[in-house]
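The values are calculated or read from the model by the stated rules, or taken from the named source; none is laboratory data. Everything numeric in this text was worked out from a predicted model, so none of it was measured. Note that each Cβ is placed from the backbone with ideal geometry, even for glycine, and that neighbours are counted across all protein chains shown. Each accessible area value is taken on the protein alone, full model and side chains, heavy atoms only, with ligands, DNA and RNA left out. Shrake-Rupley method; radii C 1.70, N 1.55, O 1.52, S 1.80 Å.
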Amino acid sequence: MTTLTKVLLRASNKYTELGYNRHMPKSYVERVTQAVPRRVYDNRFGAPAITRWRLHPDDVEHGEFRPWEQKAVNNTLTKVRDYHKHKLMQKYHQRGLPQQRIPDELWTMLKGDLVQVMIGKDKGKKGKIAYIVKERNWVFVEGLHMKRTISDDLERMKKMGVQQFPSLREQPLDVAKGEVMLVDPKDEQPCEAEWVLNEDQSDYIRVSKESGVEIPIPSIAFQTYEYNDPKTYREVELKDTSVELTLERTYKPSLSTFEEDISKEQGIDERRTLKPTYWY
Amino acid sequence: MHKLHRFARCCRQLSAMRRVPLLSTNEACSLHTSAVMQVSKGRIDEFFDSADSFGKNELPVKDRPGRSWSVAELRLKSSSDLHKLWYVLLKERNMLLTMEQAYKDAIRVFPNPERLDRVKDSMDNLEAVVRERNNALMELEYGESGATPTKTVTSFMGFKYEKELQEHIEPPHMHAVGKEYETPYLDDDAHMMQKLWEEKEWWKRRNMAEELGRRTRKDRSKIVYSERQLRSD
Amino acid sequence: MTTRLYRAWQPGNPQNRVFLPNFWIKLLNRASKGPKALPENVLYFEVHPQMTRHDVREYLTKIYELPVRDVNTRVKMGKIEWDSVDTKTRRALWKEDDKKFAYVTMCRGFKHDFPNLFPDDEIEKETSQVERHKELMRNLERNAKAASRDRNDVGTWFGL
């Protein structure tokens, strides 16, 4: 993992990428949530291709778990099996609703932010964000808006003979409905925030719409699956390339193709040319 | 993954893959043996991960490889560096595929499968950079990129699509290929097909919109961002 | 222009060269005993379906520097899910992708064992308390049976 230099970060909206799954390849998350095509039937003489999904992206269930965790995977695999069975038996399958998620450019809640709960028993209380589920516009605040619930893996506990005790668990708060709002650092009142360019025009900062004061980004917001703080990341010896080597520029533009460059380097001297052919 | 450190070691003989074998099998065997009849194992160990990772459900944080190469980072590198990196990534991919299959056969969890996707992303980005550079040169020198030539064809059902041309050694008059026009007059069947298709697609969109409205009204939830419609596929 | 297209070859054309091969190869574990066992110097791979045996040989010789003597390939057709209800025509409903396997014979003297990926399992089995308990019970049962071998399963409550 490399820390990007200032040159690469200039005036680009990198704040949209902030999140725990930031460095997880999108294809991996799709594969794990099974939101990938099982087969694409193409070559239909111009008619649009038919996609047969493993699990349609609208049917994917997002919740208080990372997509690659075992709990999520088990849930989706049963859905995938049912969907395939329904299709083979030509039965009707009701699709889920598309996700009405807030676009990344307008998302202002980050992990570790001070927010105020606007509904329920803890209305008016302030707390820090512990967990975010962007796909459902959910935010879990530490220690607030809790409910007495029994843990999810009931069957496993029963098998092991462990008695079920209800515990307090945080419930999700919807940002789109205004159930939770950021706290303005000036007057400590709930406010809405937006991303604007700073004075140098070099980076984006969060600014409260009411007072215009900057809301600083907490350091834990940069936490990902790989590291808690990008500065503390240690490169893996035989797998990662160091920052210096990665950003070292060795490219010299020249009037030769990639293949010609490599042939020259390897000492392949090919004088023969392709004979003319017809394309139809 | 960034793996430039293994340049010198891995890339001595990475030239073209020939279609005709260079040596007969017996001659090839004699190259690999010494006077003591010891056959080298070559680089077969590069098919496997380090023994520390065996039997684990998830690698410890200090052993997890980093993110993939981005296009911006790859654009800084020369052709030679990119060529070497390609083979480092290729071998890593083979190693991960081997390990994944071994864990699958033993019905165990393969640790950190996102490594495969990261290597694939790096390789795709590398190929994109190489194509970008070659296209730029071709367009400068010849006015066209060396991509496979295509033509727009209208099928018998009335749909237009981009068809890739095939390379032939004989000229076209020697092959009986039916005439394909870009925008021909559609016959009755094709004309009706197009009209009915458009109608069907319109009804699909209309039904999906109604379905969305029906289900959201039932939910009584406030729709804040309703740009997306239910897809009809 | 970098292309993945194989160009039409005519006598006098330059050699077809691949600079960035997209082929993958997986080394598979093979049985050490039984009818499916292979000789010591034969390795079993799953390869990209478009690879020929010549491609496999060049790939292993140049990239992995293995002493390849011979390559044999085999294509395995993917599983087909048949319509179980429609018994007359029995249409095919779903087919998985085909796979290609390569049996690569190395030069004489080559030997390679697939590493054991789960060494902890064996240690756990050996020292597991459950296993030891099971072994103990088995021994007791064996002793009891031997002692009462002339008693026709009467049991130990009656008699001596």
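Select, from B:E139, B:E199, the only residue that is at pLDDT 85 or above and either open to solvent by less than 60 Å² (accessible area, probe 1.4 Å) or under 30 Å from A:E260 (Cα atoms) (or both).
B:E139
Out of (1) open to solvent by 30 Å² or more (accessible area, probe 1.4 Å); (2) part of a strand (DSSP E or B); (3) at the interface with chain B (Cβ under 8 Å from one of its Cβ atoms), the odd one out for C:E65 is which?
Answer for C:E65: the failing condition is (2).
Exactly one of (1) modelled with pLDDT of 85 or more; (2) within 13 Å of another protein chain (Cβ to nearest Cβ); (3) more than 20 Å from the chain's Cα centre (by Cα); (4) assigned to a loop (DSSP other than H, G, I, E, B) is unmet by A:R101. Its number?
Only one criterion is unmet by A:R101, namely (3).
So C:R90 passes all but one of these: (1) open to solvent by 80 Å² or more (accessible area, probe 1.4 Å); (2) on the phi < 0 side of the Ramachandran plot; (3) of a type outside the set (S, T, N, Q). Which condition number does it fail?
(2)
When both residues are 6+ apart or on different chains and their Cβ atoms are under 6 Å apart, which pairs have a first residue that lies in the stretch B:113-141 and is within 15 Å of B:E92 (Cα to Cα), and a second that is basic (K, R)?
Hits for this filter: B:V119/B:R93.
Would you point out the residue of the stretch A:213-249, among those that are polar (S, T, N, Q) and open to solvent by less than 60 Å² (accessible area, probe 1.4 Å), that is nearest to the other protein chains (Cβ to nearest Cβ)?
The residue in question is A:T241.
So C:N16 fits all but one of (1) facing chain B (nearest Cβ under 8 Å); (2) modelled with pLDDT of 95 or more; what number is the exception?
That leaves (2) as the condition not met.
Which residue out of B:S122, B:S145 is facing another protein chain (nearest Cβ under 7 Å) and small (G, A, S)?
B:S145
Go through the stretch B:55-167 and tell me which helices (runs of 4 or more DSSP H), entirely inside it, have 3 or more residues that are in contact with a Leu (Cβ under 9 Å, 6 or more places away or on another chain) and more than 26 Å from A:E30 (Cα to Cα).
Hits in the stretch B:55-167: B:79-105, B:114-142.
Within the stretch A:25-69, which residues are within 18 Å of A:R136 (Cβ to Cβ) and among the hydrophobic types (A, V, I, L, M, F, W, C)?
A:V29, A:V32, A:A35, A:L55, A:V60, A:F65, A:W68
Could you pull out the residue among C:D120, C:D55, C:D70 that is outside the structural domain of C:L43 (by TED's automatic domain parsing), closer than 30 Å to C:I25 by Cα and of a type in the set (D, E, K, R)?
C:D120
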